[in-house]
1. Hey, any hits in segment 35-56 for a residue that's in a helix (DSSP H, G or I), over 16 Å from the mean Cα position of the chain (by Cα) and modelled with pLDDT of 95 or more?
2. Could you tell me whether Asp129 is surrounded by fewer than 24 Cβ atoms within 10 Å (Cβ to Cβ), free of Cβ contacts under 8 Å to residues at least 24 places away in the same chain and assigned to a loop (DSSP other than H, G, I, E, B)?
3. For Glu194, are the conditions met, namely being assigned to a loop (DSSP other than H, G, I, E, B), acidic (Asp, Glu) and surrounded by 16 or more Cβ atoms within 10 Å (Cβ to Cβ)?
4. Quick one: Arg105 ticks every box in (1) within 16 Å of ligand 1 (Cβ to nearest atom); (2) in contact (Cβ under 8 Å) with a residue 60 or more places away in the chain; (3) within 24 Å of Asp129 (Cβ to Cβ) except a single one, so which number is it?
5. So which strands (runs of 3 or more DSSP E) are wholly in segment 202-310 and hold at least 2 residues that are hydrophobic (A, V, I, L, M, F, W, C) and farther than 20 Å from Phe61 by Cβ?
6. Within segment 112-123, take every residue that is surrounded by fewer than 22 Cβ atoms within 10 Å (Cβ to Cβ) and in a helix (DSSP H, G or I) and give me the one that is farthest from ligand 2 (Cβ to nearest atom).
7. Exactly one of these conditions fails for Lys216: (1) buried (at least 20 other Cβ atoms within 10 Å of the Cβ); (2) within 23 Å of Ala271 (Cα to Cα). Give me its number.
8. Six or more apart or on different chains, Cβ atoms under 9 Å: show the pairs whose first residue is in segment 261-276 and free of Cβ contacts under 8 Å to residues at least 60 places away in the same chain and farther than 17 Å from His132 by Cβ and whose second is part of a strand (DSSP E or B) and among the small types (Gly, Ala, Ser).
Amino acid sequence: MDRTKHLLRLQDWDTVRILDTIDIAIRLKKEVKNGIYSDCFKGKTIGMFFEKPSLRTITTFQIGMYQLGGMPILLDPKSIGIDKRECVKDIARCLSRWVNGLVVRCFKQDLVEQLAEHGSIPIINALSDTYHPCQALALGQTMAEQFGKDLRGKTVAFIGDGNNVANSLMVLCAKLGMNFTLACPKGYEQKKEEVELSLPSFKKNGGKYRQFNNPKEAVIDADILYSDVWISMGQEEQKNEKQSHFLPFQINDELLKNAPMHCKVTHCLPANRGEEITDSVMDNLQVNLCYEEAENRLHAQKAILWQLLH
Ligand code: CP
Ligand code: NVA
């Protein structure tokens with residue numbers, strides 16, 4: 001399988017392609033009003049298969065496809081009954097005869113891998129338990145708009161669980177020569193094999209990977225603090241066990257005092273206000289870029305579709 005024909009995980013895309021995607025996203029965002037690209041996906045369709053809830057991803061892929069002149073088709077996972085009514089192989093082969101691409105939000109990363117293996121259309125990972133590459137590209141666009149396109153040497157400090165979003169942001173940083181810092185309670189780090197996969201890329205592109213168990217230490221040299229829920233979708237049963245460990249890892253005004261003056265904050269959303277981030281930081285729109293990043297999901301995903309379906 002040629003992994004570059006898909007977006008299964010950001011590791012599969014090289015630095016040049018990631019930078020191109022960010023450039024295309026910025027251009028598409030500017031051109032939206034002029035309608036220059038409103039016909040370029042005429043006659044093209046994407047399927048959208050979501051096993052987990054979504055506001056941003058499901059809305060922005062549909063609007064994005066519409067803005068490019070194509071049509072999204074929302075598929076119903078209950079009705080399809082993956083591995084119950086029908087096996088992945090047959091689903092992938094049939095969908096490949098109808099749609100030009102498939103956007104998938106799932107629990108196991110293995111599902112997007114299998115769909116790519118057995119189908120012949122581009123598969124886009126719209127979040128799995130392991131990765132969220134679309135979110136990472138939207139952060140790349142947001143940072144490029146904020147700090148300029150050359151992001152080498154910038155530092156993203158992720159305060160929270162070593163989860164799917166952390167994994168993809170780490171890869172973005174590694175590929176673009178940025179530093180990635182994770183601050184989390186002991187035992188909630190990213191999986192060792194995920195970090196090891198990115199270390200050569202950090203080395204090649206001049207960035208650093210660091211891990212702290214004290215959030216204050218982690219924010220000292222940050223350009224962006226990144227927040228995400230402590231309990232990801234599908235982990236609800238871990239809520240009681242996790243919550244107390246994560247309390248010191250809240251992004252609040254006190255923690256921000258330890259960061260440089262220019263430091264911004266963002267969150268992939270949805271946010272649990274009062275848990276991983278306070279109302280006060282969420283509503284400080286001088287500092288909080290999360291709504292800009294949410295807008296950029298639309299443009300970054302159009303750029304992903306452009307790269308894979310054009
Ligand atoms: N950040 C993100 O993916 O949002 P949704 O879960 O609402 O799609
Ligand atoms: N880590 C979160 C991200 C939500 C966009 C989750 O997987 O639920």
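1. No, segment 35-56 contains no residue that is in a helix (DSSP H, G or I), over 16 Å from the mean Cα position of the chain (by Cα) and modelled with pLDDT of 95 or more.
2. Judged against the criteria, Asp129 is not a match.
3. So Glu194 does not fit the description; no.
4. (2)
5. Once the strands (runs of 3 or more DSSP E) in segment 202-310 are filtered for at least 2 residues that are hydrophobic (A, V, I, L, M, F, W, C) and farther than 20 Å from Phe61 by Cβ, what remains is 224-227.
6. His118
7. Here Lys216 meets the rest and fails (1).
8. Cys263/Ala157; Val265/Ser227
The values are calculated or read from the model by the stated rules, or taken from the named source; none is laboratory data. What you see is a predicted model, and the numbers here were worked out from it, not measured in a lab. Every residue, glycine among them, receives a Cβ derived from its backbone with ideal geometry; neighbour counts consider all protein chains shown.
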